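Novice: My questions will all concern the structure given below.
Quick note: the coordinates plus some simple rules give every number you see, no bench work behind them. All values reported here derive from a predicted model rather than from experimental measurement. Cβ placement follows ideal geometry from the backbone for every residue including glycine, while neighbour counts extend to all protein chains displayed.
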Amino acid sequence: MTGAVEIALYAWRESLRRRVFFVVIVLSLAFLALYAVGTTAAFNEVNKFGSNPNDTDPSVVAGSTLLGLAMFATLFLGTVLAVFLTLSAVRGDAERGLLQPLVVRPLGRPSLLAGRFVGAAAVCAVYVGLLYAISLVITLLAGDWTPDHMIAPGLELMAAVVVLAGVSLLGSVFLPTTANGIAVFMVFGAGLVAGLLGQIGDAIPSQTLQNIGSAGAIALPFEALYQEALHALTSDTSGLASFVVKLGPFGGAHHFGPGLVAWVFAYLALLAGAAVWGFHRRDL
Amino acid sequence: MPPALAAHAVEKRYRSTAALRGVDLAVDEGQLVGLLGPNGAGKSTLVKIACGLVRPSGGRAEICGHPAGSLAARARIGYLAELFRFPDWARADEVLELHQKLAGSRGGAAERSELLELVGLADARDRRVEAMSKGMQQRLGLAQALVGNPRLLLLDEPTSALDPVGRRTVRQLLEELRRRGVSVLLNSHLLSEVELVCDRVAIIASGALVAEGRPADLVKPRGVEVETASGKRVIEGAGRDDAPRIVSDLVAAGERVFGVRVLSSTLEDVYLEAVGGETS
Ligand SMILES: Nc1ncnc2c1ncn2[C@@H]1O[C@H](COP(=O)(O)OP(=O)(O)O)[C@@H](O)[C@H]1O
Ligand SMILES: [Mg+2]
């Protein structure tokens with residue numbers, strides 16, 4: 001247990017000392033600046049429409065679409081960070097000779113995995129939470145619009161990136177560094193595609209596409225969490241505005257309900273079990 | 001007291017390669033054992049099994065009576081891998097501090113300073129790993145292996161990146177460890193190094209033990225060479241104790257003796273004979 005804590009602290013120190021952190025901060029600031037400019041410009045245009053006869057409040061459409069975009073970018077940047085912090089944790093580090101001196105210490109391989117996971121997950125969750133909060137404030141200031149739920153989408157995004165850190169750590173047990181990085185981004189892409197198929201299925205409507213979307217989102221629950229987060233932005237809004245939002249790419253048509261939380265915990269436990277099993281069998 | 005390391009019929013197969021084919025080896029308390037063998041003989045594999053990095057396909061290994069790889073076994077070893085790295089961003093002192101925490105050592109700053117001093121890195125305690133030469137990193141690796149006073153030190157080619165001065169430092173370090181009663185298993189290519197410091201030598205080739213014993217017992221007498229008026233010849237089977245008698249017999253027989261030399265095989269001869277000139 002103390003071993004796991006030491007490994008997590010070591011992972012934090014590593015992420016702070018390596019240039020990764022600096023690069024991520026610069027990219028995040030660039031994104032936030034762009035988002036602030038874009039959001040301000042968009043709301044200025046929208047406010048010129050004046051009030052709408054069909055009860056479609058254009059600032060709801062603009063606000064939730066823009067914040068949806070920010071959430072997509074946040075998830076993407078968070079995924080980049082999660083992958084960076086975990087992609088070589090086992091096989092990559094073993095091939096470079098970094099892992100062996102740690103593994104022979106009396107701490108146990110499961111503790112080492114736990115430490116790496118907690119270290120990476122905490123950094124990514126805090127990062128994603130911060131980025132989401134700043135995007136929310138920018139949207140509020142630029143358009144005087146707030147989503148129906150403010151806290152839940154942030155927590156769901158944080159959980160999504162924690163799931164991705166777990167997927168990447170599991171991949172690192174079996175795949176060398178580069179292969180794992182590619183694999184995790186392909187999994188990430190697959191999740192997004194499944195989500196978009198589901199949304200197209202809702203719009204057409206097509207039951208088959210909806211099923212593909214739901215199955216994909218459940219098999220890759222970071223996607224379900226992301227959709228749930230998008231859904232929460234306009235979950236209490238009715239009428240045409242929410243319908244229009246849901247047609248867009250950041251609509252989050254699907255609502256998975258409270259079972260999702262239980263499934264996410266079960267999923268993380270499955271990832272942990274597979275990683276511990278694979279690491280236990282591996283010759284270093 | 002159980003031996004520091006006991007390997008019983010240890011086997012390891014990697015898919016098609018048999019890296020170890022039933023090796024028995026013991027390192028007794030306080031002993032310094034050299035493990036010699038050509039590249040690919042299985043030396044590193046044996047050491048990795050001893051520290052729990054690799055799981056044997058057959059047989060078993062124990063550290064001070066505990067199964068290799070168990071927490072109790074790992075709490076008693078220090079290991080320096082053949083190919084290892086410390087994180088580029090870490091300072092020498094931080095590397096040792098992390099290992100102190102993981103090993104549960106309470107030595108604190110005093111232990112770290114002593115270890116850096118012991119490996120000749122006292123001036124480099126705040127230097128980052130990325131700014132160290134390969135030789136300095138290897139010394140830091142040695143200091144790391146000594147963290148927490150291990151009962152058994154497993155060193156896999158610890159001098160491969162060192163210059164002659166660095167090698168001598170390591171030799172002195174090994175002698176110091178012997179004084180402290182630490183058991184050591186030393187993998188090395190350098191026969192002379194092993195001959196100088198080891199109590200016992202084991203030679204493995206193609207995954208099997210081919211010779212084992214004290215260096216002095218392994219090097220067999222090869223006869224006595226005498227130079228007389230009729231030239232040089234070798235009296236086979238004779239040893240040092242036979243030399244005076246041989247000379248007096250020759251003199252008594254009226255021969256003039258210009259030189260006498262006792263021949264013995266070097267560890268290198270023993271090694272070459274044992275591995276059959278094999279290399280890879
Ligand atoms: N991870 C591995 N996978 C497959 N073969 C391996 C692996 N590690 C070592 N081997 C093989 O096992 C044999 C022994 O290797 P090793 O123990 O490294 O030898 P040495 O240290 O004596 O040079 C070699 O033939 C080597 O190719
Ligand atoms: Mg080797």
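Novice: Step through the residues of segment A:16-24 one at a time and calculate ³J(HN,Hα) from phi using the Karplus curve (6.51 cos²θ - 1.76 cosθ + 1.60, θ = phi - 60°), rounding each to whole Hz and writing x for Gly and Pro.
Specialist: 6, 7, 6, 6, 3, 4, 4, 4, 5
Novice: Given R₀ = 25 Å, FRET efficiency for B:His8-B:Ser160 by Cβ-Cβ distance, to 0.05?
Specialist: Working: r = 29 Å, r/R0 = 1.17.
After rounding to 0.05, the efficiency reads 0.30.
Novice: Follow-up question, since we're still on this one. Simple spin-label model, 7 Å along Cα-to-Cβ: B:Arg261 to A:Val5 in nm?
Specialist: Result for the modelled spin labels: 6.8 nm.
Novice: Distance in nm between label sites at A:Ser59 and A:Ala190, each 7 Å beyond Cα in the beta-carbon direction?
Specialist: Here the answer is 4.3 nm between the modelled labels.
Novice: Still on this model: Using C-alpha positions alone, give me the convex hull volume of chain B per residue in cubic angstrom. Don't jump to the answer; show the numbers that get you there.
Specialist: Numbers: hull volume 44.9 nm³, N = 280.
Enclosed volume per residue, from the Cα hull, is 160 Å³.
Novice: What is the sum of charges around A:Gly278, taking Lys and Arg as +1, Asp and Glu as -1, for the other residues whose C-beta is under 15 Å from the C-beta of A:Gly278?
Specialist: Working: positive: A:Arg91, A:Arg109, A:Arg116, A:Arg281, A:Arg282, B:Arg55; negative: A:Asp93, A:Asp283.
Overall, the nearby charge balance is +4.
Novice: Let me ask something additional. What is the fewest-to-most order of A:Met186, A:Met158 by other Cβ atoms lying within 10 Å of their Cβ?
Specialist: Numbers: A:Met186 10, A:Met158 24.
Ascending Cβ contact count within 10 Å gives the list A:Met186, A:Met158.
Novice: Then there is this: What is the average number of partner chain Cβ atoms found within 10 Å of a Cβ in A:94-103?
Specialist: Values: counts 1, 1, 4, 7, 5, 4, 10, 14, 3, 7.
Mean shielding count: 6.
Novice: Let me ask something additional. Which of B:Lys12/B:Lys220; B:Lys48/B:Lys134; B:Lys101/B:Lys134; B:Lys12/B:Lys134 have a Cα-Cα distance over 28 Å?
Specialist: Numbers: B:Lys12/B:Lys220 32 Å; B:Lys48/B:Lys134 22 Å; B:Lys101/B:Lys134 25 Å; B:Lys12/B:Lys134 30 Å.
Those over the limit are B:Lys12/B:Lys220; B:Lys12/B:Lys134.
Novice: I need the phi-derived Karplus couplings for segment A:92-103: 6.51 cos²θ - 1.76 cosθ + 1.60, θ = phi - 60°, integer Hz, Gly and Pro marked x.
Specialist: x, 5, 5, 5, 8, x, 7, 7, 4, x, 7, 5
Novice: Once the other residues with Cβ under 9 Å from the Cβ of B:Ala109 are scored (Lys, Arg +1; Asp, Glu -1), what is the net sum? Please report the intermediate quantities before stating the final value.
Specialist: Details: positive: B:Arg112; negative: B:Asp93, B:Glu97, B:Glu111.
Net of charged neighbours comes to -2.
Novice: For B:Arg222, list long-range residues whose amide hydrogen, built 1.01 Å from N in the peptide plane, is under 5 Å from its own amide hydrogen.
Specialist: B:Leu263, B:Ser264, B:Ser265
Novice: Shape verdict for chain A, please, from the Cα gyration tensor: rounded (a/c under 1.5), prolate (a/b greater than b/c) or oblate.
Specialist: On the way: a/c = 2.71, a/b = 1.80, b/c = 1.50.
Judged from the Cα gyration tensor, chain A comes out prolate (a/c at least 1.5, a/b above b/c).
Novice: While we're looking at this one, here's another question. Relative contact order (percent) for chain A, with alpha-carbon contacts under 8 angstrom and 6 or more residues of separation?
Specialist: Values: 381 pairs, mean separation 69.2, N = 284.
Value for chain A: 24 percent.
Novice: Could you tell me which of rounded, prolate or oblate describes the protein assembly as shown, using a ≥ b ≥ c as the square roots of the eigenvalues of the alpha-carbon gyration tensor, with rounded for a/c under 1.5 and, failing that, prolate when a/b is larger than b/c and oblate otherwise? Write out the running numbers ahead of the final one.
Specialist: Working: a/c = 3.75, a/b = 3.03, b/c = 1.24.
Cα axes put the protein assembly as shown in the prolate bin.
Novice: Let me ask another. When B:Cys51, A:Cys124 are ordered from fewest to most other Cβ atoms inside 10 Å of their Cβ, what list results? Please report the intermediate quantities before stating the final value.
Specialist: Details: B:Cys51 26, A:Cys124 29.
The fewest-first ordering by Cβ neighbours comes to B:Cys51, A:Cys124.
Novice: Provide the gained length on full extension for the span B:Arg171 to B:Asp269, in nm with one decimal, where the gain is 0.36 nm per separating residue minus the Cα-Cα distance.
Specialist: Numbers: separation 98, 0.36 × 98 = 35.28 nm, distance 2.24 nm.
Separation in residues times 0.36 nm, less the Cα-Cα distance, equals 33.0 nm.
Novice: Mind sorting B:Thr17, A:Thr234 by how few other Cβ atoms lie within 10 Å of their own Cβ, fewest first? Could the numbers behind the result be given before it?
Specialist: Values: B:Thr17 11, A:Thr234 26.
Taking fewest neighbouring Cβ atoms as first place, the list is B:Thr17, A:Thr234.
Novice: What net charge is computed for the residues neighbouring A:Val5, neighbours being all others with C-beta under 13 Å from the C-beta of A:Val5, Lys and Arg scored +1, Asp and Glu -1?
Specialist: Values: positive: A:Arg13, A:Arg116, B:Lys101; negative: A:Glu6.
That works out to +2.
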